[in-house]
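Let me begin by presenting the structure, written as structure tokens, before commenting on it.
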Amino acid sequence: MDDLKAKYLGQIADAQDEDALEAIRLAAVGKKGEVALKMRELGKMTPEERQTVGPALNALKDEINSALAAKKAALADAALDERLRTEWLDVTLPTRPQRQGSLHPISQASEELTAIFAELGFSVAEGSRIETDWYNFDALNIPGHHPARAEMDTFYMHRAEGDNRPPHVLRTHTSPVQIQSMEKMGAPLRVICPGGVYRADYDQTHTPMFHQVEGLALDKDISMANLKWVLEEFVKSFFEVDDVELRFRASHFPFTEPSAEVDIRCSWDNGQLKIGEGDDWMEILGSGMVHPKVIAAGGIDPDVYQGFAFGIGIDRLAMLKYGIPDLRAFFDSDLRWLRHYGFSCLDVPALHGGLSR
Ligand code: DAH
């Protein structure tokens with residue numbers, strides 16, 4: 001018995017890990033272990049022998065079990081000590097830089113206005129930036145000799161020598177998408193067409209590439225009053241104010257009759273732009289009742305359908321809303337500028353407003 005005890009306590013003391021301990025446990029005090037075998041021999045013994053050997057075996061079993069438990073705890077402690085010694089964290093290290101994207105103010109403004117017009121029942125159409133002169137001009141009642149062609153400072157894309165078809169142009173406005181929307185969707189129709197447009201022009205309020213959103217609503221009884229209401233609702237919603245003063249000025253566009261330009265009241269104070277107050281006006285859009293020839297060019301009967309159209313400068317809207325004084329900053333500023341105005345992706349109303357587009 002003492003031999004057994006010495007053997008197993010020695011093995012337990014030497015065990016290096018839990019697997020070794022488990023093997024020892026099975027061999028010593030498991031169901032088929034050595035102590036169990038000895039227990040079975042009790043039956044062959046005399047009652048006197050049994051009285052001393054039985055309790056001794058039980059005591060041995062208890063002793064081995066508690067030695068196993070103690071060793072197991074010691075191994076676990078040692079493992080933890082080892083981990084604490086090797087795995088450590090220097091909390092004084094600087095954090096890793098986080099790459100977080102942000103929206104350009106023009107993207108932000110586009111998302112916002114798209115969400116607003118969606119609530120007013122307008123769907124979205126996007127044309128292409130390279131257009132035929134039919135869609136950019138002729139279909140919009142701007143024939144070849146029309147002075148509006150010269151005024152638009154158009155970028156022409158020259159054809160190969162010998163190709164006498166009219167050149168493609170970089171679209172000078174989003175109005176061509178009016179025609180394409182009529183062709184695709186017919187009437188009645190309510191659509192907005194946001195996107196980039198191009199003109200050879202560069203100063204504080206003009207850049208060669210800028211952004212517009214076109215609006216078009218056609219039905220049997222749409223009037224200029226509907227145009228005014230839609231624009232007022234849009235402007236109030238976009239600038240998040242109860243009242244924004246708009247000024248409708250009689251104007252002329254080949255594709256509308258009558259036509260109006262719309263200005264918004266604002267002030268320039270030390271280079272800071274404020275909307276809704278002051279003595280200045282900033283033109284933000286052109287609009288009018290769609291010319292019958294334009295409706296016909298879109299394949300719709302102008303004797304049955306009529307409606308309004310408008311074209312808004314998105315960059316101007318963003319300048320007004322976010323107080324950006326120089327349009328050129330949109331396109332030639334560095335990352336710090338973008339961060340200053342940058343909007344987190346979560347600020348996009350269309351993303352969390354549940355509007356599907
Ligand atoms: N296409 C015009 C421009 O770029 C803007 C415009 C004016 C669009 C009147 C319209 C409109 O739809 O009705 O200057």
Worksheet, complete the sentence: ARG99 passes all but one of the listed conditions (1) under 42 Å from the mean Cα position of the chain (by Cα); (2) surrounded by 14 or more Cβ atoms within 10 Å (Cβ to Cβ); the exception is number (2)
Item to complete: Please verify whether the range 38-47 includes one or more residues that are of a type in the set (D, E, K, R) and under 60 Å from the mean Cα position of the chain (by Cα).
Response: no
Worksheet item: Of the residues that sit in the range 284-321 and are over 19 Å from ALA115 (Cα atoms) and β-branched (Val, Ile, Thr), which one is nearest to the ligand (Cβ to nearest atom)?
Response: VAL290
Worksheet item: Counting only residues that are assigned to a strand (DSSP E or B) and not aromatic (Phe, Trp, Tyr), which one in the range 311-344 is farthest from LYS228 (Cα to Cα)?
Response: GLY313
Worksheet item: Do you know which of the residues in the range 135-151 that are out of contact with any helix residue (DSSP H, G or I) (no Cβ under 7 Å at 6 or more places or on another chain) and in contact (Cβ under 8 Å) with a residue 12 or more places away in the chain is farthest from PHE238 (Cα to Cα)?
Response: HIS146
Fill in: the range 138-153, subset part of a loop (DSSP other than H, G, I, E, B) and under 28 Å from ILE300 (Cα atoms), residue nearest to the ligand (Cβ to nearest atom)
MET152
Discussion item. So THR154 ticks every box in (1) surrounded by fewer than 22 Cβ atoms within 10 Å (Cβ to Cβ); (2) modelled with pLDDT of 85 or more; (3) more than 34 Å from the chain's Cα centre (by Cα) but one. Which box is left unticked?
Written reply: (3)
Worksheet item: Between residues in the range 165-194 that are without any contact (Cβ under 8 Å) to a residue 40 or more places away in the chain and among the aliphatic types (A, V, I, L, M) and residues that are within 11 Å of the ligand (Cβ to nearest atom) and in a helix (DSSP H, G or I), which pairs lie under 9 Å by C-beta distance while being six or more apart or on different chains?
Response: VAL169/ASN136
Worksheet, complete the sentence: Note on the range 224-262: residues out of contact with any Leu (no Cβ under 8 Å at 6 or more places or on another chain), more than 12 Å from the ligand (Cβ to nearest atom) and in contact (Cβ under 8 Å) with a residue 60 or more places away in the chain are ASN226, SER237
Worksheet item: Among the helices (runs of 4 or more DSSP H) confined wholly to the range 1-85, which include 3 or more residues that are loosely packed, with under 11 Cβ neighbours inside 10 Å and out of contact with any Asp or Glu (no Cβ under 7 Å at 6 or more places or on another chain)?
Response: 2-14
Worksheet item: In the range 280-310, how many are part of a strand (DSSP E or B), more than 24 Å from TRP268 (Cβ to Cβ) and within 36 Å of the chain's Cα centre (by Cα)?
Response: 8
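The values are calculated or read from the model by the stated rules, or taken from the named source; none is laboratory data. Every value quoted in this text rests on a predicted model; they were computed, and no experiment measured them. Methodologically, a virtual Cβ is constructed for each residue, glycine included, from the backbone with ideal geometry; neighbour enumeration extends over all protein chains shown.
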